[in-house]
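> Sharing a structure, written as structure tokens. Questions coming.
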Amino acid sequence: MRKIFITGIGTDVGKTLVSAIVVEALAADYVKPIQAGDLDHSDTDKVQRLVSNTHSVFHPNSYALQTPMSPHAAAAIDGVTIALDNIVLPVTERDLVIEGAGGLLVPLNDTDTILDLIQPDYKVIVVSRHYLGSINHTLLTIQLLQSKGFTPVLIFSGDAHPTTESIIQKMTGVTVIGRIDDEPYIDQRVVSEYAALFSDSLKAL
């Protein structure tokens, strides 16, 4: 089954919401290898609350760190060192959605970054949210993935910004699955609606 990695152009761009939508659309399993901070209201908890299908399994973090900081710094506060060998993905017969932390070059330790979690056979979805500077961050993220041999797809988050979206597509050739509006609230119904909207594109990854 496929492994689908959800990354973003930065922090708070909508990765967790996108993860929930992809999990719902594919009835996939979910794992966030590294959670830094908010352990009582983790991203795994959020995704689980937003998903309504009865097939998905939500797997534990490999690292659950106390402080909402870059993983390398949060790990240092907890007195641990993140090691790639200790990040073992669950075995499942379903598709597996893997949510990253922050952007691709967020450090895990002195040598490894989030990018090092992404294996060559993974499908990669980039989440881009519109803000001043987001074009640069989106192009850097996509071009870095492309330079490593990946063919990422893109989901936009937030209000429509046609000039931003079109220039990113023109300069990267990336496939855009769609855009998630700034909804007044997010619940299972909203996630289910986007899952249905994106379903065909996600199944074709």
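The values are calculated or read from the model by the stated rules, or taken from the named source; none is laboratory data. What you are looking at is a predicted structure, and each value in this text was computed from that prediction instead of being measured. Quick reminder, even Gly has a Cβ in these numbers, built from the backbone with ideal geometry, and neighbours come from all protein chains shown. Heads up: the accessible areas ignore ligands, DNA and RNA and are worked out on the full protein's heavy atoms, side chains in. Shrake-Rupley method; radii C 1.70, N 1.55, O 1.52, S 1.80 Å.
> Among the residues of the range 141-152, is any of a type in the set (D, E, K, R) and either surrounded by 15 or more Cβ atoms within 10 Å (Cβ to Cβ) or farther than 18 Å from GLY8 by Cβ (or both)?
No, the conditions are met nowhere in the range 141-152.
> For residues that are in a loop (DSSP other than H, G, I, E, B) and either within 10 Å of the chain's Cα centre (by Cα) or aromatic (Phe, Trp, Tyr) (or both), tally how many sit in the range 10-23.
Qualifying residue count for the region: 2.
> Does the range 169-177 include one or more residues that are in contact with a Leu (Cβ under 8 Å, 6 or more places away or on another chain), in a helix (DSSP H, G or I), under 30 Å from LEU65 (Cβ atoms) and open to solvent by 20 Å² or more (accessible area, probe 1.4 Å)?
No.
> Further, regarding this structure: Can you pull out the residues in the range 83-101 that are within 20 Å of ALA64 (Cβ to Cβ) and crowded, with 22+ Cβ neighbours inside 10 Å?
LEU96, VAL97, ILE98, GLU99, GLY100, ALA101
> Can you pull out every residue in the range 1-40 that is under 22 Å from LEU84 (Cβ atoms) and of a type in the set (Val, Ile, Thr)?
Selection gives ILE4, ILE6, THR7, THR11, VAL31, ILE34.
> Could you grab me the full set of residues in the range 2-26 that are of a type in the set (S, T, N, Q) and more than 10 Å from VAL47 (Cβ to Cβ)?
Correct list: THR7, THR11.
> Under 11 Å from the mean Cα position of the chain (by Cα), modelled with pLDDT of 95 or more and either under 21 Å from LEU197 (Cα atoms) or not in a helix (DSSP H, G or I) (or both): does that describe VAL97?
Spelling it out, VAL97 is indeed under 11 Å from the mean Cα position of the chain (by Cα), modelled with pLDDT of 95 or more and either under 21 Å from LEU197 (Cα atoms) or not in a helix (DSSP H, G or I) (or both).
> Among the residues of the range 69-85, count how many are assigned to a helix (DSSP H, G or I), more than 13 Å from THR113 (Cα to Cα) and over 20 Å from the mean Cα position of the chain (by Cα).
Total satisfying the criteria: 5.
> Here's a follow-up. With touching a Ser or Thr at 6+ places or on another chain (Cβ under 6 Å) and either open to solvent by less than 20 Å² (accessible area, probe 1.4 Å) or among the small types (Gly, Ala, Ser) (or both) as the only criterion, which of VAL23, VAL51 stands out?
Going through VAL23, VAL51 in turn, the sole match is VAL23.
> For the condition under 20 Å from THR44 (Cα atoms) and hydrophobic (A, V, I, L, M, F, W, C), what is the one hit in ILE125, ILE135?
The match here is ILE125.
> With respect to LEU39, is the statement that it is free of Cβ contacts under 8 Å to residues at least 60 places away in the same chain and more than 22 Å from ARG129 (Cβ to Cβ) true?
Criteria met by LEU39.
> Tally up the residues in the range 55-66 that are over 17 Å from ILE114 (Cβ atoms) and either touching a residue at least 60 places away in the same chain (Cβ under 8 Å) or assigned to a loop (DSSP other than H, G, I, E, B) (or both), please.
Result for the range 55-66: 6.
> Take the range 37-48 and flag every residue that is open to solvent by less than 30 Å² (accessible area, probe 1.4 Å) and either within 20 Å of ILE142 (Cβ to Cβ) or not in a loop (DSSP other than H, G, I, E, B) (or both).
ASP43, THR44, VAL47
> Same structure again: With within 30 Å of PRO60 (Cβ to Cβ), open to solvent by 40 Å² or more (accessible area, probe 1.4 Å) and either without any contact (Cβ under 8 Å) to a residue 40 or more places away in the chain or out of contact with any His (no Cβ under 8 Å at 6 or more places or on another chain) (or both) as the only criterion, which of SER192, SER199 stands out?
Just a single option satisfies the conditions, and that option is SER192.
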